[in-house]
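A short worksheet on the structure shown next.
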Amino acid sequence: MFKVLFALALTLGIAAEAQAQSEMLLSDVTIVDVIEGTLAPGQSVLIRDGLIAEVGPDISAASATRLDGAGRYLIPGLWDSHVHIFSSASEPDTALPLYLINGITGIRDMGALWPIAEQQALQARIESGEVLGPRLILAGAWVDASPGSWPGMFLADTPDEARSVVDRIAAEGWAAVKAYSMLDEASYLALAEAAHDVGLPFVGHIPERVALGTAIDAGQEGMEHFGRVAMACSTAEEAMLDELRAAMAEGAELDRVFEIMASRNRIILETWDETLCDAMLARMAEAGMHVSPTLVVADFYTGNWPAADAPRMRMIPAEVREAWGEPDFRLEAMTDEVRALAQDSIALDRRTFLMAHWAGVPILASSDASFANPYLFHGFSLLDELNLYVAIGLTPREALYTATVAPPRFFGLPDQDGTITPGRRADLVLLDANPLEGLATLRRPQMVVVGGQVLNRAALDGLEATLLERGQ
């Protein structure tokens, strides 16, 4: 069985003190309202039993541990809405502190190699404060056609099997049902209906044989990755789907299936239509289909990798770095045509992403970070993703919204909504500079509060030092 080997020294500076206190008063902070884009200087925040108890300029709390914010900027904690922290036995040992170091106090795991009971056990230890880590949502009940794209998936090759799988997912206590790439349309539609029948959100990939419009009509609430949006803006979407449907119905070998999928890049570039795209994005926005874009994944395919001596690399276990240096099946599957068109395809995705934002399609900032996904880093890659959003055309406030406000509201969390107000969970980040003017300040938070537990800068430095030492 997998066991968490969480061995980091977490009794660093104020962190240990905060864990022993039921009340803390964070004074003289400038509260950033990410929704309105406004600042409220000279505020204090009283934290009691892991929740925000009071917010205001003058708060009296004689028994509280006092922390001076020195006028710095306080934002809600960040979320990464698409990660995989359970792809190896000890991955949380590295992943959890990396998220906190980067101000990420909530993550949604979207597929794991651990049994659900062991995932839930770690989730409970985080919630109790026994393990220091971000809030964890377990939404990785991924369902695929046989034989499954990854180990440990739920499998469904017929509508009846899809309905049965959803019953198992509900019984095991997952937070959502996740569709995967190779489902046929009939099984996919049955999966959607069954998920809604049991009251679970229906999220995931748009299967390779299913049109985006079909997914909207089926009520898919959350879509992982962005490439299928650009494909839905192509006048040849249905023709591309039909080619793959026919090949798979005839029992085509996997190489032929991948060849058909790879050929789509050129077709999309040649047939992308702005008017059609506007109409599709309007449908997505009206339906409230949230998208977790994971645009940063493109860096892996284009070789935009950090240097071996970069701090983020040195915080990763040596055996993981070594595995990342081996040949990767995803890169080997890329054809010469895909490589030649890569930059044009990425540019079109980014153009379509900006149009989606303008159309009101809700975005959930996400990275796909995992030890199984080379050069996608827990924590760091989410900040890279936010920087991409700004480079594409979002304002810093709009980018922050996708990581602070949109995720907890989409997840339906009763104690979080991206605001710093009484009754909300005390997941907070204290920054040196105004993030509404630029996101660079996110790279070095001065304090992170997670579930009411405080990590000051010395504690965060200690976590970094421990990871660097372990990564040697």
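Would it be correct to say that residue 308 is surrounded by fewer than 18 Cβ atoms within 10 Å (Cβ to Cβ) and over 25 Å from residue 95 (Cα atoms)? Please lay out each step first, then the result.
Details: surrounded by fewer than 18 Cβ atoms within 10 Å (Cβ to Cβ): yes; over 25 Å from residue 95 (Cα atoms): no.
For residue 308, the condition - surrounded by fewer than 18 Cβ atoms within 10 Å (Cβ to Cβ) and over 25 Å from residue 95 (Cα atoms) - is not met.
Would you confirm whether any residue within region 143-150 is buried (at least 17 other Cβ atoms within 10 Å of the Cβ), in contact with a strand residue (DSSP E or B) (Cβ under 6 Å, 6 or more places away or on another chain) and in a strand (DSSP E or B)? Checking region 143-150: at least one residue is buried (at least 17 other Cβ atoms within 10 Å of the Cβ), in contact with a strand residue (DSSP E or B) (Cβ under 6 Å, 6 or more places away or on another chain) and in a strand (DSSP E or B).
What are the pairs with Cβ atoms under 6 angstrom where one residue, in region 143-162, is farther than 21 Å from residue 201 by Cα and the other, located anywhere, is in a strand (DSSP E or B)? Sequence gap at least six, or different chains. Pairs found: 146/155; 148/155.
For region 151-196: of the residues being among the β-branched types (Val, Ile, Thr) and under 25 Å from the mean Cα position of the chain (by Cα), which is surrounded by the fewest Cβ atoms within 10 Å (Cβ to Cβ)?
The qualifying residue surrounded by the fewest Cβ atoms within 10 Å (Cβ to Cβ) is 165.
Among the residues of region 31-42, the ones that are part of a strand (DSSP E or B) and either among the aromatic types (Phe, Trp, Tyr) or crowded, with 19+ Cβ neighbours inside 10 Å (or both) come to 2 in all. Of all residues in region 115-135, one or more are over 27 Å from residue 291 (Cα atoms), in a loop (DSSP other than H, G, I, E, B) and of a type in the set (D, E, K, R).
Specify which of the listed residues (228, 266) is touching a residue at least 12 places away in the same chain (Cβ under 8 Å), more than 30 Å from residue 109 (Cα to Cα) and basic (Lys, Arg). Going through 228, 266 in turn, the sole match is 266. Pairing each residue of region 269-292 that is more than 30 Å from residue 408 (Cβ to Cβ) and of a type outside the set (D, E, K, R) with any residue that is surrounded by fewer than 17 Cβ atoms within 10 Å (Cβ to Cβ) and at pLDDT 95 or above, provided the two are 6+ apart or on different chains, yields C-beta distances under 6 Å for 269/344; 271/235.
The values are calculated or read from the model by the stated rules, or taken from the named source; none is laboratory data. Note that the coordinates shown come from a computational prediction; the quantities given were computed from them, not determined experimentally. Methodologically, a virtual Cβ is constructed for each residue, glycine included, from the backbone with ideal geometry; neighbour enumeration extends over all protein chains shown.
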